[in-house]
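Structure first, commentary second.
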Amino acid sequence: MYRSLFPRDLFAEIDRLQRDMQQALDPSPTIRGLGRGFPALNVGGTPQTLEIYAFAPGLDPDALEVTLDRGILTIAGKREPLQPGDEADVAVHINERFEGPFRRVIALSEDADPEALTATYRDGVLRITVQRRASSQPRRVAIQ
């Protein structure tokens with residue numbers, strides 16, 4: 001007798017629209033979900049260092065570029081396409097591997113020492129270590 005003004009669930013439609021917009025605007029979609037870039041990062045630290053781990057398997061270390069400028073750490077590079085064969089008639093049915101240029105930017109804390117930065121790449125993991133300035137490290141104060 002009464003008809004609904006909204007034949008579908010309004011909240012489900014809004015959720016679908018939001019997901020579609022995120023997928024359209026996400027510069028680096030991954031199979032792990034929306035909003036994450038490539039390479040995936042873990043950022044942490046100790047009282048003496050800042051530690052950044054970038055998970056980038058299958059890359060040549062020469063294809064990576066790490067720069068630090070005014071407290072902004074940038075990890076950039078390009079992942080070349082990987083096709084199942086060299087033949088022109090190869091059909092790809094599923095391609096979930098990210099390929100193309102990438103750039104990740106991290107703002108470091110002010111106590112990071114730009115002169116004490118090391119980067120190593122091993123087994124697909126780029127490890128960047130930035131020493132903290134000695135003046136910002138915790139120290140014990142003697143009580144008189």
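Since every read-out is calculated from the coordinates, none of them should be taken as a lab result. Note that this is a predicted model, so its numbers are computed, not measured. Cβ sites come from the backbone with ideal geometry, for glycine too, and all protein chains shown count toward neighbours.
Here are a few things to note about the model shown:
- Normalised contact order of the stretch 38-136, rounded percent, pairs of Cα under 8 Å and 6 or more residues apart: 34
- Here the spin labels are modelled as points 7 Å beyond Cα on the Cα-Cβ line, and at Val92 and Glu115 they lie 4.7 nm apart.
- The modelled label-to-label distance for the pair Lys78/Phe11, using points 7 Å beyond Cα in the direction of Cβ, is 4.7 nm.
- Low-density loop cleavage sites - trypsin sites (Lys or Arg not before Pro) in the stretch 91-126, where at most 13 other Cβ are within 10 Å (DSSP): Arg97
- Global form of the stretch 38-136, assessed from the alpha-carbon gyration tensor, a/c cut-off 1.5: prolate
- Simple label model, 7 Å out from Cα along Cβ direction - Thr67 to Glu99, nm: 2.7
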